[in-house]
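Enquirer: I have a structure here, written as structure tokens, and I will follow up with some questions on it.
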Amino acid sequence: MARQSKVLSAFSVARLNTPGLHFVGEVPGLALQVLPTGARTWILRIMIAGKRRDMGLGGFPAVTLAQARDAARKARAKVKEGIDPIEEARANRSALLATAAASLSFEDCADRYINAQKAAWKNAKSEQQWRNTLATYAYPVMGKLLVRDIGTAHVHEVLEPIWTTKTETASRLRGRIESVLDWATVRGYRTGLNPARWKGHLDKTLPAAGKVAKKEHHRALDISELGSFMEKLRQMDGTGAKALEFAILTAARSGEVRGATWDEIDFNEKVWTVPASRMKAKKEHRVPLSSAAIQLLKSLPQVAGVPYIFPAQRKGKNGGMVSDMTLVQVVRRIGVDAVPHGFRSTFRDWVAERTNYPNEVAEMALAHTIESKVEAAYRRGTLFAKRALMMEDWAVFCSRIETEGEVVHLFKSA
């Protein structure tokens with residue numbers, strides 16, 4: 001039988017400071033334990049299944065005498081019902097910890113997903129783009145919400161304000177939210193269908209992105225203005241101007257040119273081999289170099305220890321590759337309404353309107369992906385010889401300044 005003790009008052013309990021157990025009476029087995037450090041805590045000494053157990057009821061004075069007696073009575077009542085209050089409390093704490101461990105916010109899940117996936121992303125900017133779009137549009141609405149509680153209404157609240165005004169951004173954002181929620185489901189942080197899925201769900205409430213967004217093409221220079229532009233470009237100094245000229249002569253993408261290295265150039269064969277890692281289609285691309293392109297390359301200095309053909313200038317020293325903005329600024333200084341990528345469109349227009357070169361030769365020069373799987377299966381060659389002739393003609397055209405009313409005929413057999 002539990003020890004019966006003198007009933008102590010709250011005032012008497014507060015004065016207890018001798019290390020050891022001090023039974024306070026009224027509820028059998030209830031004692032205030034005073035530790036050598038001076039800390040005080042409530043202990044209920046109780047028999048459970050024939051064994052004496054000590055059950056903690058909290059610290060004093062955070063738990064008052066009245067609260068401790070009430071908790072002790074409830075614990076004794078459970079023992080009479082055949083329930084072990086100590087094991088029950090332990091199970092409750094374990095469940096609480098498990099729930100807390102499985103309760104992540106959307107922002108936490110997004111951060112973990114990005115950290116897990118960024119190594120596989122092709123472009124280093126992808127991580128920054130993911131974090132920026134989620135932080136700007138998604139986090140204000142559902143960043144702090146537990147990922148298990150996110151529903152369709154939250155996704156709509158994020159997407160609807162920008163779906164028709166920033167459609168491309170909104171469409172990418174939806175896909176990113178869907179990926180994060182899929183990750184959370186697989187990891188056990190949420191259950192059920194993904195509220196950000198498109199097919200059979202959001203496609204019923206939001207208009208298709210392709211029907212809303214107006215496709216914006218890169219601003220390109222008119223064919224007739226190219227010669228005049230090239231004359232001004234060649235009068236400019238600086239790495240950016242040379243890189244842009246090389247990009248125009250090769251009809252290559254800005255990133256391919258900016259990352260070009262000297263070991264990719266074969267001067268004897270007049271070929272620039274762009275590795276698959278820098279190509280949009282992830283396939284090696286061999287670019288025939290015209291005489292003008294070769295002359296440009298030979299005029300450039302090769303700096304020891306710097307692999308790039310067009311290195312950036314940082315603090316008077318050669319650094320990494322030249323930036324994309326440097327090429328943009330060159331175009332702006334000349335004062336035309338175009339962007340570097342737009343010169344690929346100018347090249348394409350020149351092929352279509354001023355030459356008899358077949359469409360597939362131009363597409364191969366631009367390294368465009370063949371959308372038709374059937375055509376791709378049959379087109380095994382690179383049309384290199386024909387492309388070499390075409391790029392030589394293109395270089396000649398780039399040096400010709402057209403005057404108003406002049407008609408230029410360029411119909412060479414491909």
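None of the figures in this text is laboratory data; all of them are computed from the coordinates on show. It should be emphasised that the depicted structure is a prediction, and the values quoted were computed from it without experimental measurement. Methodologically, a virtual Cβ is constructed for each residue, glycine included, from the backbone with ideal geometry; neighbour enumeration extends over all protein chains shown.
Enquirer: Where a ≥ b ≥ c are the square roots of the eigenvalues of the C-alpha gyration tensor, would you call the range 107-169 rounded, which needs a/c under 1.5, or, failing that, prolate if a/b is larger than b/c, or oblate?
Expert: oblate
Enquirer: Now a separate question. Whose amide H sits under 5 Å from the amide H of Phe60, counting only residues 5 or more places off or on another chain, with H placed in the peptide plane?
Expert: Arg40, Thr41, Trp42
Enquirer: In addition: Please identify the helices of the chain, taking whole runs of DSSP H, that span at least 27 Å along their own axis as judged from the Cα atoms and have a mean Kyte-Doolittle score of -0.5 or higher.
Expert: Details: long enough: 167-186 (29 Å, -0.24).
Once both thresholds are applied, what remains is 167-186.
Enquirer: Given the options Leu193, Leu30, Leu383, state which has the largest fluctuation in a GNM of the chain using a 10 Å cut-off (strictly under) for Cα springs.
Expert: In this elastic network of the chain, the residue with the biggest mean-square fluctuation among Leu193, Leu30, Leu383 is Leu30.
Enquirer: Another question, if that's okay. Simple spin-label model, 7 Å along Cα-to-Cβ: Asp222 to Ala116 in nm?
Expert: Between Asp222 and Ala116, the label points sit 5.5 nm apart.
Enquirer: With r as the distance between the Cβ atoms of Arg15 and Gln129 and R0 = 51 Å, compute the FRET efficiency 1/(1 + (r/R0)^6) and round to 0.05.
Expert: 0.20
Enquirer: Another question about this same structure. Looking only at Lys166, Lys74, Lys125, which one moves most when the chain is put into a Gaussian network model with springs between Cα atoms under 10 Å?
Expert: Maximum among the listed residues: Lys74.
Enquirer: Can you give me the Rg/Rh ratio for the chain, using Cα atoms for both radii and the Kirkwood formula for Rh?
Expert: 1.30
Enquirer: Follow-up question, since we're still on this one. Could you list which residues have their amide H under 5 Å from that of Met55, counting only those 5 or more apart in sequence or on another chain, with H placed in the peptide plane?
Expert: Here the answer is Leu44, Arg45, Ile46, since their amide H atoms fall under 5 Å of that of Met55.
Enquirer: Can you find, among Leu193, Ala304, Phe229, the residue sitting farthest towards the positive end of the charge dipole of the chain, where Lys and Arg contribute +1 and Asp and Glu -1 at Cβ?
Expert: Sorting the options by dipole projection puts first Leu193.
Enquirer: What does the charge dipole of the range 106-212 about its Cα centre add up to, to the nearest 20 debye, if the Cβ of each Lys and Arg holds +1 and the Cβ of each Asp and Glu holds -1?
Expert: Numbers: 17 positive and 11 negative charges, 59 e Å.
The calculated dipole for the range 106-212 is roughly 280 debye.
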